[in-house]
1. Based on what the data block shows, is Lys54 in the same structural domain as His113 (by TED's automatic domain parsing) and either in contact (Cβ under 8 Å) with a residue 24 or more places away in the chain or surrounded by 17 or more Cβ atoms within 10 Å (Cβ to Cβ) (or both)?
2. Counting just the residues of the stretch 244-282 that are touching a residue at least 24 places away in the same chain (Cβ under 8 Å) and among the polar types (S, T, N, Q), which one comes out nearest to Thr206 (Cα to Cα)?
3. Quick check, is Tyr63 modelled with pLDDT of 80 or more, under 27 Å from Lys137 (Cα atoms) and in a loop (DSSP other than H, G, I, E, B)?
4. Val207 - would you say it is of a type in the set (A, V, I, L, M), farther than 19 Å from His48 by Cβ and in a helix (DSSP H, G or I)?
5. For the stretch 83-102, which positions are exposed (fewer than 14 other Cβ atoms within 10 Å of the Cβ) and either under 18 Å from Cys41 (Cβ atoms) or modelled with pLDDT of 75 or more (or both)?
6. Given the structure, is Asp11 at pLDDT 90 or above and more than 25 Å from Ala234 (Cα to Cα)?
7. Within the stretch 185-204, work out how many residues are part of a helix (DSSP H, G or I) and either farther than 21 Å from Ser243 by Cβ or of a type in the set (S, T, N, Q) (or both).
8. Looking only at the stretch 36-68, count how many residues are among the small types (Gly, Ala, Ser) and within 18 Å of Glu84 (Cβ to Cβ).
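The values are calculated or read from the model by the stated rules, or taken from the named source; none is laboratory data. Computed from a predicted structure; not experimentally measured. Here the Cβ positions follow ideal geometry from the backbone for every residue, glycine too, while neighbour counts run over all protein chains shown.
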Amino acid sequence: MLPELEYYLNDTAKDYSKEEIAKLSEMVSDDDKKRIMEYVCGFVETYHIIPVEKMYSIITEEYGESWTEEQFWAGCCLISTDKEVKRTALFGSEYAAYGGEKQGRSKKALLIHASLVQVDIEFFEQMITAQSDKPYKVLPKEHITAMYHYGCDYSSSNILNEENRKLYDFLIQSGFDRGNVVDAVDDAYIVMRNCNEDIIECMRDTVNHLYLADPDDAFLCGLYREIADMRNCASQPFNRGYSPAETEKMKNESGRDWESGYAEALTPAQIIESYNIMKSKGEMLRDAFAFDALFSLEMLSGFLQ
């Protein structure tokens with residue numbers, strides 16, 4: 001590998017001179033640069049953290065691309081300062097991401113989801129620890145393309161695939177408007193695949209998306225079943241592309257102490273009770289915000305008089 005390419009890629013704050021851009025541009029065409037950008041954005045949405053070398057090996061060995069390593073890294077360097085790419089993807093190393101040297105950390109270049117570094121550095125550390133010996137699942141190229149469209153192409157942001165189709169069908173069959181269903185499924189799928197919410201909390205948000213004021217118990221139990229099943233079957237960045245169900249199976253077979261995010265089934269009574277508690281917490285929080293807003297408005301009125 002050309003030493004200057006590794007330097008460019010690890011220096012996430014670098015601004016390239018015209019001469020540097022020209023040198024890199026000689027190595028990769030505009031069309032190839034665009035395709036590399038699509039791979040980069042798709043991979044970072046799929047895995048959140050992945051070594052650039054691993055991404056390159058998957059793209060060339062599994063997807064049949066013929067770029068040399070130098071061409072691929074030159075393309076990565078050229079897109080690394082693009083404002084649309086930087087909104088989602090950052091190139092660097094664990095050293096660069098932490099802002100200082102960490103003992104025992106690898107300094108190999110990583111592709112990192114921007115949210116992990118810019119917003120949630122604690123979760124970034126948790127992911128590195130939890131993933132330390134997990135393998136990467138090679139997903140179909142079509143999955144990477146779909147995740148690129150989600151992360152970078154808002155005209156194609158709605159994702160319907162084998163992982164969330166059952167939830168979509170359940171809501172459509174329950175009689176809800178397709179537009180609201182698509183939005184609800186899209187949001188539920190993203191938060192569940194990223195393990196960002198409890199299933200009951202996701203249920204509450206989904207009910208709100210559907211503008212359903214008072215769901216009956218049978219609907220809530222069905223909704224829990226479909227969201228839990230979607231979470232257990234969805235490929236997750238936290239599990240390096242494997243679903244919680246797949247990771248749980250590997251965990252049991254290997255005896256390794258992996259976190260999987262697998263959701264155990266709840267009884268109907270537990271579902272209803274948990275949902276009502278979550279709903280009441282949401283209403284209490286909303287009321288608290290409303291009180292604060294009213295109090296602030298009264299204070300402001302007093303100052304203006």
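1. The answer is yes for Lys54.
2. Ranking the candidates gives Ser274 first.
3. So Tyr63 passes the test.
4. Yes.
5. Of everything in the stretch 83-102, those that are exposed (fewer than 14 other Cβ atoms within 10 Å of the Cβ) and either under 18 Å from Cys41 (Cβ atoms) or modelled with pLDDT of 75 or more (or both) turn out to be Lys83, Glu84.
6. No, not satisfied.
7. Residues in the stretch 185-204 being part of a helix (DSSP H, G or I) and either farther than 21 Å from Ser243 by Cβ or of a type in the set (S, T, N, Q) (or both): 1 in total.
8. 1
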